[in-house]
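Please treat every number below as a calculation from the coordinates, not as lab data. Just so you know, these numbers come straight off a predicted model, no measurement behind them. Note that each Cβ is placed from the backbone with ideal geometry, even for glycine, and that neighbours are counted across all protein chains shown.
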């Protein structure tokens, strides 16, 4: 067949040259890893990393990160400011070069930055290229403010002087381009807070603030203790083996090494390693050097402290350790742009030598601590040897081997792990329905009998003696253990492992026990995104001849409100609502109800308390501007039958800050300059040991119960939005409302808008048959397939860990030996539990 003219015309014109940042927009994943949530947040990291590099060079002490309501993010620092003079080669300002040219920046100049994480130099220019808009403001050391705006990486204005300034630093605000980030352009506050807290730990004294204007949340991270504070924070919920955190620091002309560690009575290790502030999650030569030094030093000391001088393995001496390794390397060599593993060969020997010498000296000077560490390691060695045989029995040698699969496993016929799924179900009843309803080609079922062992309180050898855990290990086939050598996701027989338990207390407990097991001993599966939690429907509603599965409370509420549109009349004030008008009004009331619930959970206040406080604000609109003592008097008038007092927190007064740099540009619009007049005054110099009392909350105490009202409740924007909507609804609805069923005599009246939705739910009950599923065994095989197992219709939650430190704290608190911490958590959050099945 003859080629068409179009096919033949392949010449010079077919070769596309992408200059500047066009290549970045064409292939964004090459520069930021992906165009999903990971890549989106990488934009912020790139900007923040530039500010941190300024801090590493000694020129920056404060960084502000703000998530704005319009979806943009701004980063402001008090560094030297991006240079604004003309670049000698590019004939444009240095600021424009940095924002529009790849591989441009001070990080390639050893004199500018000795230690830097941004080795590839594509940071801010890539952020600019992948942003719909970007606003740059430079507060230069010359005392001049410069501004420039960009669209999709291209300047739309010149770098212009906009006036004098006393500030110093760089302000960048950018709007991610939805054309590039099609999956999402919404930033996660939790994910960013975890990374920024990490950076604050690693850079002693650096103050990093993150503010989320969408949800009115703000945190400031500053740690004078550096990585010692890091270790203390991680270990806060654990029982330490000894009190003090061991700290070591050494440097030469090129390298700086910091190590902080502490042992606890637990059985898992937690080692965080960093190179130039980059979290090397896959380790590298610095981690290898640390492990080698620790193992050698412990074995050497064991020769004098332990009987029979056992040879301890690296795993033995790391059981129960919490450690942070922070190293500065002038020219780090990472494996790939993701920079998760250090490759510099010289670093291993250096860390090994330095840390080994320190440990030898430390063990000599602290024999009691050395004895505790070695005693724990010896105990770990015995447990490891006891577990070795059990592990070998449960580990699969290859993906295809099936001779040691557990008898209770109903396996699938496909041997391709990419398409296969393992459902972990609770009990034989649900297991029977799942086996009958599944797709036998790709779906395997593993029923568990009873609750599996809580591995948070047990060593690996004990875990391996548990029949249910042994069944899990042999079915999945990837091995077990806290290290990559023991748990290899490449050997997993299924790439979707789905926890499917009942929607009751026992089911939630079993699900948590399984998650604890995966978190502690098959962490690699969570990292790969292989672990899921099934989301079976909570309800089945039957209205007339039609049936509908409803996934959660919100879906059930929407279903009932849709029924209300055709069956109810709402009377409020001098207006009545029915049909579509009623549906619109109910949607507004549901928004109000959601805001009420959100305030209840944020401030830990019951609804009846919020109703009372709402009255107070309506009677005193200016209460948010009153001083705490005046607010107290108003609260005493409101709660006349209670004792009302102010709770104070005594804090150390802040010393005078010499540098008058103010970071107050978080609300700058894209076409505005931060207002110079908005500078805040720093506190006057005071003695550091003096304490000042700061009002934190109001305590309201009745005879049979009490609650606290946080001091910022009245000034909160979230409270303000709730009150504004409440006032708008009151104008329409008046002080009372009534609900009437069409063609029926029954009427419900009320005066609280927050109870209107619940009243509708009550009125609907006689007209529909609603079944709430508590157990999967209540569904027949066909229902289970339709609602929970069919890939086309089911809902799954993927288990992800955005914050390792926070996750570890929760597992330790809820599943460990910290009874007091668990009790405090339950007392604080128990009031918000709904639909508790006991």
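Could you tell me whether the range 723-802 comes out rounded, prolate or oblate from its Cα gyration tensor? Rule is a ≥ b ≥ c as square roots of the eigenvalues, rounded for a/c under 1.5, then prolate if a/b exceeds b/c, otherwise oblate. Before the final figure, lay out the partial values.
On the way: a/c = 3.93, a/b = 1.73, b/c = 2.27.
Taking the square roots of the gyration eigenvalues as a ≥ b ≥ c, the range 723-802 is oblate.
Using only the alpha-carbon atoms of the range 158-229 as identical scatterers, what base-10 log of I(q)/I(0) does the Debye formula give at q = 0.22, 0.27 Å⁻¹?
Normalising to I(0) and taking log10 leaves -1.03, -1.17.
Packing-wise, with mean Cβ within 10 Å as the measure, how do 154-164, 39-49 rank, highest first? Display every interim value, and only then the final one.
Values: 154-164: 12.9, 39-49: 22.0.
Result, highest mean Cβ count within 10 Å first: 39-49, 154-164.
Considering every pair of different Cα atoms, what Kirkwood radius, in Å, is found for the range 262-343? The partial results should precede the final answer.
Working: mean 1/r = 0.0714 Å⁻¹.
14.0 Å is the Kirkwood radius here.
Going by the alpha-carbon gyration tensor, a ≥ b ≥ c the square roots of its eigenvalues, is the range 512-659 rounded (a/c under 1.5) or, if a/c is not under 1.5, prolate (a/b greater than b/c) versus oblate? Mind showing how you got there, number by number?
Details: a/c = 2.88, a/b = 1.16, b/c = 2.48.
Oblate, because a/c is 1.5 or more while a/b does not exceed b/c.
Set the Förster distance to 22 Å, then compute FRET efficiency between residue 645 and residue 604 from the Cβ-Cβ distance, nearest 0.05. Working shown, then result.
Values: r = 18 Å, r/R0 = 0.80.
So the FRET efficiency works out to roughly 0.80.
Once both labels are modelled 7 Å past Cα along the beta-carbon direction, what's the residue 361-residue 144 spacing in nm?
Modelled inter-label distance: 5.2 nm.
Go ahead and run the numbers for FRET between residue 758 and residue 345, Cβ-Cβ distance against an R0 of 56 Å, rounding to 0.05. Kindly include the intermediate steps, with their values, before the conclusion.
Numbers: r = 67 Å, r/R0 = 1.20.
The calculated FRET efficiency here is 0.25.
What does the extension gain come out to for residue 597 and residue 216, with contour length at 0.36 nm per residue minus their alpha carbon separation? Kindly include the intermediate steps, with their values, before the conclusion.
Values: separation 381, 0.36 × 381 = 137.16 nm, distance 1.56 nm.
So the extension gain works out to 135.6 nm.
Compute the length gained on full extension between residue 265 and residue 250: take 0.36 nm times their separation in residues and subtract their Cα-Cα distance, giving the result in nm to one decimal.
Working: separation 15, 0.36 × 15 = 5.40 nm, distance 2.87 nm.
Gain in length upon complete extension: 2.5 nm.
How big is the equivalent ellipsoid of the range 227-389 along its three axes, where each semi-axis is √(5λ) from the Cα gyration tensor, reported in whole Å from largest to smallest? Walk me through the numbers on the way to the answer.
Values: eigenvalues 138, 55, 53 Å².
The answer is 26, 17, 16 Å, longest axis first.
For the range 22-221, take the alpha-carbon Rg, divide it by the Kirkwood Rh, and send me Rg/Rh.
On the way: Rg = 15.8 Å, Rh = 16.9 Å.
We get a ratio of 0.93 for the range 22-221.
Please compute the modelled spin-label separation between residue 768 and residue 454, points set 7 Å along Cα→Cβ, answer in nm with one decimal.
The answer from the label model is 3.9 nm.
By how many nm would the segment from residue 742 to residue 385 grow when fully extended, if each residue of separation counts as 0.36 nm and the alpha-carbon distance is taken off? Please list the in-between numbers first.
Details: separation 357, 0.36 × 357 = 128.52 nm, distance 7.46 nm.
Using 0.36 nm per residue and subtracting the Cα-Cα distance, I get 121.1 nm.
Can you give the FRET efficiency for residue 418 and residue 30, using 1/(1 + (r/R0)^6), R0 = 30 Å, r = Cβ-Cβ distance, to the nearest 0.05? The partial results should precede the final answer.
Details: r = 24 Å, r/R0 = 0.81.
Plugging the Cβ-Cβ distance into 1/(1 + (r/R0)^6) gives 0.80.
Using 7 Å Cα-to-Cβ label points, what is the residue 819/residue 562 separation (nm, one decimal)?
5.0
Over the range 428-526, how many percent of alpha carbon pairs lie in each 10 Å bin up to the one with the longest distance?
P(r) for the range 428-526, in whole percents per bin: 15, 48, 32, 6.
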